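Notes for the one structure printed next.
Taken together, the values in this text are just the output of simple stated rules run on the coordinates, not laboratory data. These numbers were taken from a predicted model, which means no experiment stands behind them. All Cβ positions, glycine included, derive from the backbone under ideal geometry; neighbour counts span all protein chains shown.
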Amino acid sequence: MLRERPGLLSVVLPAFNEALNLVVLLPELNRVMADQAEQLELLVVDDGSSDDTALVVQSLIQQGLPLRLLRLSRNFGKEAALCAGLDTADGDVVLIMDADGQHPIATALQMIDEWRHGFDVVYGVQKGRSETQSLARRSCTRLFYWLIHHGSRINMPPNAGDFRLLDRRVVLALRTLPERARYMKGLFAWVGFKAHAIEYVPHSREHGVSSYGLLQLLSFALVGLTAFTKMPLRLVSVLGLLVSVLSLVFGAWVVLEKTLFGQPVSGFTTLAASITFLAGVQLLCLGIIAEYLGRVFDEVKHRPIYLLQDLTPPMSGGGGEQGEGGT
Ligand code: UDP
Ligand code: MG
């Protein structure tokens, strides 16, 4: 059975220095989305921008656009900005889009259509992304998904990002998750619900540059791994076992060689190579354990995920409460 069009549709747009893009995107979104729901709320989360992002939104509010502005007290990162948006959005349906205009509005309309056909989560999958990446990067990505897939029960689709539509039930489920490591892609997969994928080709950025270089992506992948799977820790144990068995065999061989054939243990080279190799393995394993310890350290501090500087009141007719910062 087809769902009615939503009473309130919230579009959450995390924005970090996106004034030039928002000037174009927001009026366009308003024009196209207005008849998709009885009421529309465009919620811009200003993630500590140093440009005119907030001013642009405020002037568009003056012009009568159905906008809400949520300002964080500093730059907390996209994941925290998304959480702030999801904690504040009052919609029966919440759509998450980038504020740089890279996510096609036509795909967003398709997402709403799929929601009306009964899906609770509709997520965008970037078409042909892996073909443009280097072999090294593709191998790392494959290892990452292999570890997540085999080390946890969640099914995290590759090439799917934050461009997605969520039913209110999913948003409420996400709000109950207490962890500080907001690896949203993993959290979206963790909560489950009936999901559907839509392929899309992102537009290129009109203004500004992407905030995510290779280093940021690597550190982001580490957050994802330590938050969603203990597999690397198990691999450390397996490696330890393997090295122990091998040294036992090697030790037995050395003793046999000496007693049966009278050969003395040969060479400084073997000794030096095995000591440095084992020192490397041990440091690597310590590093893996330290990553998990760091995750625990971040979690036990219980700091809020973000802090609000200010928030415009809910749309008239929307029944939501004021957000109060992350818990
Ligand atoms: N973003 C944010 N806080 C940040 C970095 C980025 O809210 O610290 C927003 C940014 O304004 C954009 C979205 O997250 O709307 C995606 O960022 P970006 O375009 O830099 O990433 P990419 O599209 O390259 O993955
Ligand atoms: Mg972008």
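Modelled spin-label separation between residue 220 and residue 256, with each label point placed 7 Å from Cα along the Cα-to-Cβ direction: 5.3 nm. Counted over the chain, the DSSP beta bridges are approximately 30% antiparallel.
Each Lys and Arg adds +1 at its Cβ and each Asp and Glu adds -1 at its Cβ; summed about the Cα centre, the stretch 33-147 shows a dipole of about 700 debye.
Between residue 244 and residue 276, full extension at 0.36 nm per residue minus the direct alpha carbon distance yields a gain of 9.9 nm.
Taking the Cα centre of the chain as origin and charging only Cβ (+1 Lys, Arg; -1 Asp, Glu), how large is the dipole, in debye to the nearest 20?
Computed about the Cα centre, the dipole is about 1340 debye.
Each Lys and Arg contributes +1 and each Asp and Glu -1, all at the Cβ; summed about the Cα centre of the stretch 136-204, the dipole is approximately 120 debye. Judged by the mean number of other Cβ atoms found within 10 Å, the most tightly packed of the peptides 2-12, 258-268, 216-226 leads the ranking 2-12, 216-226, 258-268. Taking square-rooted eigenvalues a ≥ b ≥ c of the alpha carbon gyration tensor, is the stretch 108-228 rounded, prolate or oblate, where a/c under 1.5 means rounded and, failing that, a/b exceeding b/c means prolate? Cα axes put the stretch 108-228 in the oblate bin.
Rounded to whole numbers, the Karplus 3J(HN,Hα) couplings from phi for the stretch 242-255 are 4, 5, 4, 4, 4, 5, 4, 4, 4, x, 4, 4, 5, 5 Hz, using 6.51 cos²θ - 1.76 cosθ + 1.60 with θ = phi - 60°, and x at Gly and Pro.
For the chain, rounded, prolate or oblate, judged on the Cα gyration tensor with a ≥ b ≥ c (square roots of eigenvalues), a/c < 1.5 rounded, else prolate if a/b > b/c? Because a/c hits 1.5 or more and a/b exceeds b/c, the chain counts as prolate. Shape class for the stretch 1-84, computed from the alpha carbon gyration tensor (a ≥ b ≥ c): oblate, with a/c not under 1.5 and a/b at or below b/c.
Projecting the Cα atoms of 273, 289, 193 onto the dipole axis of the chain, where Lys and Arg carry +1 and Asp and Glu carry -1 at the beta carbon, places 273 farthest toward the positive end. Give the residues of the stretch 157-200 whose amide nitrogen is closer than 20 Å to a point set 7 Å from the Cα of residue 293 in the direction of its Cβ. Backbone N within reach: 181.
Annotation note: trypsin sites (Lys or Arg not before Pro) in the stretch 133-213 located in DSSP loop regions with a Cβ neighbour count of at most 10 within 10 Å are 153. For residue 194, a cut-off of 20 angstrom between C-alpha atoms picks up these lysines, skipping any fewer than 8 places away in its own chain: 185.
Which trypsin sites (Lys or Arg not before Pro) in the stretch 18-74 pass both tests, a DSSP loop state and at most 16 other beta-carbon atoms within 10 Å?
Working: sites: 31, 68, 71, 74; in loops: 74.
Counting only loop positions with at most 16 other Cβ atoms within 10 Å, the trypsin sites (Lys or Arg not before Pro) in the stretch 18-74 are 74.
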